[in-house]
Amino acid sequence: MNTHDNNTAKSDMCDVECYNEEIVKKVRPKVQQMPKIDAIFKALSNPTRLKVAYALTVEDELCVCDVANIIESSNATASHHLRTLKEQHIATIRRDGKRVFYTLADEHVYQFVRIALAHAAEEVTV
């Protein structure tokens with residue numbers, strides 16, 4: 001590593017062990033007790049599932065076959081991704097005869113996807 005790289009690496013690190021122990025003692029237990037949301041982020045980290053979730057923000061309810069057409073996949077692939085979203089409580093299912101429809105689980109999921117989209121659209125300046 002050259003000197004420039006070494007200085008850059010150190011510029012984003014603290015030179016002290018702990019700045020505010022009181023805050024650390026207050027926040028650490030809360031972080032350790034928070035609900036396990038990692039599964040939600042993992043499910044939505046898949047680009048195809050994120051596209052499916054986004055499609056469900058555009059239309060309130062979609063049939064599996066329509067999702068397959070939207071993401072340009074087979075019904076089996078679309079069903080697999082929708083099932084994963086259902087298992088993580090991101091989407092819900094409704095059966096109507098031979099058709100299966102999915103919707104987002106609730107307004108929180110809708111907002112989560114929309115906020116992520118808005119954030120991604122922002123220009124980031126460093």
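Points to keep in mind about this one:
- Residue in segment 75-86 that is under 19 Å from the mean Cα position of the chain (by Cα), over 30 Å from Ser11 (Cβ atoms) and among the small types (Gly, Ala, Ser) present: yes
- Condition check for Ser11: small (Gly, Ala, Ser), loosely packed, with under 12 Cβ neighbours inside 10 Å and without any contact (Cβ under 8 Å) to a residue 40 or more places away in the chain: yes
- The residue list Lys51, Lys42, Lys30, Lys86 contains one member that is farther than 22 Å from Ile115 by Cα and not polar (S, T, N, Q), which is Lys30.
- Sole residue being within 21 Å of the chain's Cα centre (by Cα), in a helix (DSSP H, G or I) and at pLDDT below 95, chosen from Ala39, Ala9: Ala39
- Within segment 24-50, tally of residues that are basic (Lys, Arg) and closer than 16 Å to Lys86 by Cβ: 2
- The set of residues from segment 81-124 being in a loop (DSSP other than H, G, I, E, B) and loosely packed, with under 15 Cβ neighbours inside 10 Å comprises His89, Gly97, Lys98, Asp106, Glu122, Glu123, Val124.
- In the set (1) in contact with a helix residue (DSSP H, G or I) (Cβ under 9 Å, 6 or more places away or on another chain); (2) over 15 Å from Tyr54 (Cβ atoms), Arg94 fails one condition alone, (1).
- Apart from one condition, Leu85 fits all of (1) touching a Lys or Arg at 6+ places or on another chain (Cβ under 8 Å); (2) over 12 Å from Ala53 (Cα atoms); (3) among the aliphatic types (A, V, I, L, M); the exception is (2).
- Whenever a residue of segment 49-60 is at pLDDT 95 or above and outside any helix (DSSP H, G or I), its partners that are surrounded by 15 or more Cβ atoms within 10 Å (Cβ to Cβ) and not hydrophobic (A, V, I, L, M, F, W, C), lying with C-beta atoms within less than 8 angstrom and at least six residues away or across chains, give the pairs Asp60/Thr103.
The values are calculated or read from the model by the stated rules, or taken from the named source; none is laboratory data. Treat the numbers as computed from the prediction; the structure is a model and nothing was measured. Neighbour counts run over all protein chains shown; Cβ positions are idealised from the backbone, glycine included.
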